[in-house]
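Right, one structure below, let's go through it.
The values are calculated or read from the model by the stated rules, or taken from the named source; none is laboratory data. Remember, predicted model here, so these are calculated numbers, not experimental data. All Cβ positions, glycine included, derive from the backbone under ideal geometry; neighbour counts span all protein chains shown.
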Amino acid sequence: MLKGIDPIISPDLLKILSEMGHGDEIVLSDAHFPGHTFCPKNVVRGDGLQIPDLLEGIIPIFEPDSYDGPLIMMAAVDGDELDPQVEADYMAAIKKDAPDAPAVKRIGRFEFYDHACNMEK
């Protein structure tokens, strides 16, 4: 029996995290991300879970990669405005256990979708 694993981490998510190595990536997204379109083989649902809570469960057991800007978020689409509190909440959760985590890199919506799609190959 495992001890010290936050119960927010499902067995499927724990398996995925344990199999990841340098260069592997995971997308944590809200319900509007088209994961079943872009990554149908590797979708693990977390209905009702908040990303900061997931980050607080993941970061103590999973070291963010130190290469190639490991934290990526989708940039605002032209005409939309980002809520800066969202990134602040994510970074606060990350920095609890990874205080030296780098700043978030922003990429465009379709670049983000392409990036997520290419992760599955």
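General remarks:
- Among the candidates 68, 100, 83, residue that is under 26 Å from residue 41 (Cα atoms) and of a type in the set (Asp, Glu): 68
- When residue 43 is tested against (1) more than 24 Å from residue 97 (Cα to Cα); (2) touching a residue at least 60 places away in the same chain (Cβ under 8 Å); (3) β-branched (Val, Ile, Thr), only condition (2) is not met.
- Failed condition for residue 54, given (1) assigned to a helix (DSSP H, G or I); (2) free of Cβ contacts under 8 Å to residues at least 40 places away in the same chain; (3) surrounded by 14 or more Cβ atoms within 10 Å (Cβ to Cβ): (2)
- Residue tally, condition under 12 Å from the mean Cα position of the chain (by Cα) and without any contact (Cβ under 8 Å) to a residue 40 or more places away in the chain, over segment 60-69: 1
- Only listed residue being assigned to a helix (DSSP H, G or I) and modelled with pLDDT under 90, chosen from 32, 36, 22: 36
- Filter result (surrounded by 15 or more Cβ atoms within 10 Å (Cβ to Cβ) and not in a loop (DSSP other than H, G, I, E, B)) within segment 1-15: 13, 14
- The number of residues in segment 23-48 being surrounded by fewer than 14 Cβ atoms within 10 Å (Cβ to Cβ), of a type outside the set (Gly, Ala, Ser) and either touching a Cys at 6+ places or on another chain (Cβ under 6 Å) or farther than 16 Å from residue 116 by Cα (or both) comes to 1.
- Output for segment 71-99, where each listed residue is of a type outside the set (Lys, Arg), exposed (fewer than 15 other Cβ atoms within 10 Å of the Cβ) and part of a helix (DSSP H, G or I): 84, 85, 86, 88, 92
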